[in-house]
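Chemist: Quick one: the structure is below, and I'll ask about it shortly.
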Amino acid sequence: MNQVRIHGDPFGEDAAAGLLRSFLRLALGNGMECALSLSSVQPRPVAAGEHTIHLTDGVRDFVVGSLLPPAEIDLLLRAAGNVVAATAPVVVFAAAPLRADVTTLVALEWPRAAIVLAARDGSTGQDLLERVRAELRWAGCEHPPHALEARELAPWLALPALAPHGPIVHVGCGDVPSGTDLVVDVWLREHAPHGRGLRLVLPDAGDDLVARLRDRVAPAPAPCELVRAAFEPGHARDAAAILLPWRRERPSRWLVTALASGRPVCVSRCAETVVMLSADGICLPIGGRVAAAGAQVTFEPAPAAVAAALRSALADSAAAAATGRRARRHVVEELVRGRPAAPPAPVPAAPPSRPTIVLEAPFFEVSSSSELSIETARALVRRADVDVRLVPRAPFHGDLAQLRRRAPELEPLLCRHPGTVDLWLSAGWPVRAARPQCRTWALRVDWEFGALPWELLPHTTTTADAVVVHSEYGADLVAAAGRDRASIVLAPHGVDAAMREDAAPDPELVAWKGARPAVLFHGGLVWRKGFDVFLRAVLAAREAGQDPVVVVKSVGHGHCYGRFHLGELARRFQRTAGTPPMWWIEDDLPRERLAAIYTACDVLLHPYRGEGFGLPLLEARACGLPVVATAGGGGDALLQGPGAARIPAERRPVELPGAHVQEPWVLEPSAADAGLLLVDALVHRAERRRAARAAAAGVRQAFTWDAAAARIAQLACEPRSLRAQPPLPTVTLAPTPRPEPVGAR
């Protein structure tokens, strides 16, 4: 296959951008299939005279400006929309000072690319094209499991855009393993009454089965078409969704072609299908439980999960179309026969003498998942009794320089091909569903809404060998979903050395706030973190006669919370006359600067609704900053002892997309009590600060990354010993009586 992926920013006027465009034109003219990767393009203002170019990475929508002519821009955007195999060679175009780092990151982003080439200074488009052709000849071809020939997939990939008002389509054998009974049940109950049609494609169904199905659907007020023929593109042309709640794998061709159709596919994600569903966001997964009937093991989709997945597919045609586009891309990247062969995994020089641990996490984004994985890796490296390898998850929102500043010792541990390892610990969202090459597979599970989604099952309850959680709240949640508690590892987060009560306060912030107390919010500006309650409490404190300023350190504003944050609420707060001044920090900060922000403030207010652990609470306590936070959730272990006040909260159910193993819930913190407790903290801030600083050393001693790493290392060395282990000791700091809030009487 004559394919190449091109990586770089093509919209500028520098030499790298010019060479990229030249190579693209030459490669296209020589019959190459070219896909342009724009992951290194950053948003920038549009200058006078420039064309405005709208781009998206699926999470954030942004614009760049360019002086290129419209025809050139159109060529680039068409190449950006093209797709090639995940194993295609990659050519990287970057300025000389950045070239080595960008090439390394691209190799991590496309770990199975046949080769990653960097365009050097003085290279020509013809030189690069000849090199790519040579690499393709050397690599040869491979045929991934379940892959189909390009000619068989072509008519499916050519189907027109999604028809949102068409029928639901199901393909199977009409039997119990196909889940046809579940399809008919949900259609009769939820969709037939509203006129939505159903098409059952049953290539091998017998006369008796067809007759029984006809009798069952006959009373329905909407049409049900039964097709006894091979699954063809015409069956999906007008489909609004394809529903495959399989209990056992049917012919994999049906699933691959359904994904290639560009229609949203609701499908059981279990051991038999997950190898075809390894990418994120390409389907609406149907979760369930593994069931054993004698010697036979089957997957039992949860009926609620079947119904919820189908509702999601039909509720939002734009989201459904986006899912279908991602599925098509996945098929071309992963499920086409004859693609360029991936490079073989490196052969170790000698058998490893120590257990090998892979940490898989979004190392190149600013998030709690990234932070905890970096600190876990550093602590494991310090132990020196295990070998550590790091596998970053995409998308990448940071760079190597950022990691180098944060943890330089981790850069050499980044790898494309970790090989078979003793422990593979995966973090990030969505959680990994496919088993990697390892002896023990563990998942970090952080979920904050009281009950796990069905889509996380069975891999969080059965398939993975262990689940790592960070609070008793998390352990209870996973156990309630059906996980054996003996294989749930409790590993609370630690706090790093920079977080100390004697960290020098940030001088710029100290000068800005003057003599006024500073109330800190640290986290995503989202409803779950209680940012709206935070602002209400601050306003209540203002009305009670206090004169605070507000410091907001937002996280994930540009990526993980990119489309549902409350940034506009913060801006409205800033624009409203009479509100306290706000210092808003959106940038990623070095750890020392973050500690300086904590020590420059007077109280952390964290009125969360859902929290798996509450890392900012731990960091604030380690820095001797008084905290006021919601009681009864994942942060409870951090609210022991002096310097902490608990906001009363009530558990309430919450409506979330999808289906959950139980009714999901959140803690609704009392905004009135949050305001009173904040007033109390501000009135007595000197006393509260002294108490919090006195407790800081005990907090650091109780929560260490070394202790968390020890639990992970033990899991790598002795996975079977989990059943015999006592639970982690509970560290309780000496409590002090809760002060009565001002105005409580």
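The values are calculated or read from the model by the stated rules, or taken from the named source; none is laboratory data. Worth saying up front: this structure is predicted, and the values here are computed from it rather than measured. Note: ideal-geometry Cβ built from the backbone for every residue, glycine included; neighbour counts use all protein chains shown.
Okay, residues lined up against (1) modelled with pLDDT of 95 or more; (2) closer than 30 Å to Ala302 by Cβ; (3) not assigned by TED's automatic domain parsing to the domain that holds Glu455:
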{"site": "Ala631", "(1), (2), (3)": "yes, no, yes"}
{"site": "Gly634", "(1), (2), (3)": "no, yes, yes"}
{"site": "Pro642", "(1), (2), (3)": "no, no, yes"}
{"site": "Arg652", "(1), (2), (3)": "yes, yes, yes"}
{"site": "Leu656", "(1), (2), (3)": "no, yes, yes"}
{"site": "Val661", "(1), (2), (3)": "yes, yes, yes"}
{"site": "Val666", "(1), (2), (3)": "yes, yes, yes"}
{"site": "Gly675", "(1), (2), (3)": "yes, no, yes"}
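Chemist: Within the stretch 328-341, can you find the residues that are in contact with a strand residue (DSSP E or B) (Cβ under 6 Å, 6 or more places away or on another chain) and either of a type in the set (A, V, I, L, M) or free of Cβ contacts under 8 Å to residues at least 12 places away in the same chain (or both)?
Modeler: Ala341
Chemist: Yes or no: Arg216 among the basic types (Lys, Arg) and within 29 Å of Ala293 (Cβ to Cβ)?
Modeler: yes
Chemist: Within the stretch 404-420, which residues are out of contact with any Lys or Arg (no Cβ under 8 Å at 6 or more places or on another chain) and without any contact (Cβ under 8 Å) to a residue 12 or more places away in the chain?
Modeler: Result: Arg404, Pro408, Pro412.
Chemist: How many of the residues in the stretch 383-392 are at pLDDT 95 or above and basic (Lys, Arg)?
Modeler: 1
Chemist: Within the stretch 615-724, which strands (runs of 3 or more DSSP E) (wholly inside it) include 2 or more residues that are within 24 Å of the chain's Cα centre (by Cα)?
Modeler: Output list reads 665-669.
Chemist: Next question, about the same structure. Are any of the residues in the stretch 158-173 without any contact (Cβ under 8 Å) to a residue 40 or more places away in the chain and surrounded by 19 or more Cβ atoms within 10 Å (Cβ to Cβ)?
Modeler: no
Chemist: Take the stretch 644-670 and flag every residue that is within 19 Å of Gly614 (Cα to Cα) and in contact with a helix residue (DSSP H, G or I) (Cβ under 6 Å, 6 or more places away or on another chain).
Modeler: Those that are within 19 Å of Gly614 (Cα to Cα) and in contact with a helix residue (DSSP H, G or I) (Cβ under 6 Å, 6 or more places away or on another chain): Ala645, Ile647, Pro648, Pro669.
Per-residue answers, yes or no, for (1) of a type in the set (A, V, I, L, M); (2) assigned by TED's automatic domain parsing to the domain that holds His470; (3) closer than 13 Å to Thr356 by Cβ; (4) surrounded by fewer than 21 Cβ atoms within 10 Å (Cβ to Cβ):
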{"site": "Ser370", "(1), (2), (3), (4)": "no, yes, no, no"}
{"site": "Glu375", "(1), (2), (3), (4)": "no, yes, no, no"}
{"site": "Arg389", "(1), (2), (3), (4)": "no, yes, yes, yes"}
{"site": "Pro392", "(1), (2), (3), (4)": "no, yes, no, no"}
{"site": "Ala401", "(1), (2), (3), (4)": "yes, yes, no, yes"}
{"site": "Cys415", "(1), (2), (3), (4)": "no, yes, yes, yes"}
{"site": "Gly419", "(1), (2), (3), (4)": "no, yes, yes, yes"}
{"site": "Asp422", "(1), (2), (3), (4)": "no, yes, yes, yes"}
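For (1) closer than 22 Å to Pro233 by Cβ; (2) of a type in the set (Phe, Trp, Tyr); (3) outside the structural domain of Asn82 (by TED's automatic domain parsing), each residue gets a yes or a no:
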site	(1), (2), (3)
Thr323	yes, no, yes
Arg328	yes, no, yes
Val331	yes, no, yes
Glu334	yes, no, yes
Val347	no, no, yes
Pro351	no, no, yes
Glu360	no, no, yes
Phe363	no, yes, yes
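Residues checked against (1) among the acidic types (Asp, Glu); (2) assigned by TED's automatic domain parsing to the domain that holds Arg325; (3) under 25 Å from the mean Cα position of the chain (by Cα); (4) buried (at least 22 other Cβ atoms within 10 Å of the Cβ):
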{"residue": "Glu225", "(1), (2), (3), (4)": "yes, yes, no, no"}
{"residue": "Glu232", "(1), (2), (3), (4)": "yes, yes, no, no"}
{"residue": "Ala241", "(1), (2), (3), (4)": "no, yes, yes, yes"}
{"residue": "Arg248", "(1), (2), (3), (4)": "no, yes, no, no"}
{"residue": "Cys266", "(1), (2), (3), (4)": "no, yes, yes, yes"}
{"residue": "Arg269", "(1), (2), (3), (4)": "no, yes, yes, yes"}
{"residue": "Thr273", "(1), (2), (3), (4)": "no, yes, yes, yes"}
{"residue": "Ile282", "(1), (2), (3), (4)": "no, yes, yes, yes"}
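Chemist: Testing Val550 on (1) among the hydrophobic types (A, V, I, L, M, F, W, C); (2) assigned to a strand (DSSP E or B); (3) modelled with pLDDT under 95, one condition comes back false. Which one is that?
Modeler: Condition (3) is where Val550 drops out.
Chemist: Can you tell me which of Pro344, Pro351 is without any contact (Cβ under 8 Å) to a residue 24 or more places away in the chain and either outside any loop (DSSP other than H, G, I, E, B) or closer than 30 Å to Arg5 by Cα (or both)?
Modeler: Among Pro344, Pro351, only Pro344 is without any contact (Cβ under 8 Å) to a residue 24 or more places away in the chain and either outside any loop (DSSP other than H, G, I, E, B) or closer than 30 Å to Arg5 by Cα (or both).
Chemist: Quick one: in the stretch 139-155, which of the residues that are of a type outside the set (Asp, Glu) and over 18 Å from Ala258 (Cα atoms) is surrounded by the most Cβ atoms within 10 Å (Cβ to Cβ)?
Modeler: Ala139
Chemist: Can I ask one more? From the list Pro607, Pro590, Pro580, exactly one residue is touching a Pro at 6+ places or on another chain (Cβ under 6 Å), in the same structural domain as Val666 (by TED's automatic domain parsing) and at pLDDT below 95. Which is it?
Modeler: Pro580
Chemist: Within the stretch 570-614, work out how many residues are under 30 Å from the mean Cα position of the chain (by Cα), part of a loop (DSSP other than H, G, I, E, B) and of a type in the set (Val, Ile, Thr).
Modeler: Final tally of qualifying residues: 0.
Chemist: Further question: Picking from Arg389, Arg416, which residue would you name as being assigned to a strand (DSSP E or B) and not aliphatic (A, V, I, L, M)?
Modeler: Testing whether each residue is assigned to a strand (DSSP E or B) and not aliphatic (A, V, I, L, M) leaves just Arg389.
Chemist: Scan the stretch 480-492 and report the pairs whose first residue is more than 25 Å from Trp705 (Cα to Cα) and whose second residue is part of a strand (DSSP E or B), with Cβ atoms within less than 7 Å and a gap of 6+ or a chain change.
Modeler: Gly482/Arg289; Arg483/Val467
Chemist: Shifting gears a bit: Within the stretch 31-51, can you find the residues that are surrounded by 15 or more Cβ atoms within 10 Å (Cβ to Cβ), in contact with a Lys or Arg (Cβ under 9 Å, 6 or more places away or on another chain) and not in a strand (DSSP E or B)?
Modeler: Met32
Chemist: Given the conditions (1) assigned to a loop (DSSP other than H, G, I, E, B); (2) touching a Leu at 6+ places or on another chain (Cβ under 8 Å); (3) acidic (Asp, Glu), report the number of the one that Glu411 does not fulfil.
Modeler: Answer for Glu411: the failing condition is (1).
Chemist: What is the number of the single condition among (1) under 31 Å from the mean Cα position of the chain (by Cα); (2) crowded, with 20+ Cβ neighbours inside 10 Å; (3) part of a helix (DSSP H, G or I) that Ala107 does not meet?
Modeler: Going through the list (1) under 31 Å from the mean Cα position of the chain (by Cα); (2) crowded, with 20+ Cβ neighbours inside 10 Å; (3) part of a helix (DSSP H, G or I), Ala107 breaks only (2).
Chemist: When only residues in the stretch 73-96 that are over 28 Å from the mean Cα position of the chain (by Cα) and not in a loop (DSSP other than H, G, I, E, B) count, which is surrounded by the most Cβ atoms within 10 Å (Cβ to Cβ)?
Modeler: Per the stated criteria, the residue is Leu76.
Chemist: Since Leu136 meets every condition but one in (1) within 36 Å of the chain's Cα centre (by Cα); (2) surrounded by fewer than 21 Cβ atoms within 10 Å (Cβ to Cβ), which condition does it not meet?
Modeler: The single condition Leu136 does not satisfy is (2).
Chemist: Is it fair to say Ala433 is in a loop (DSSP other than H, G, I, E, B), buried (at least 22 other Cβ atoms within 10 Å of the Cβ) and either at pLDDT below 95 or touching a Pro at 6+ places or on another chain (Cβ under 8 Å) (or both)?
Modeler: yes
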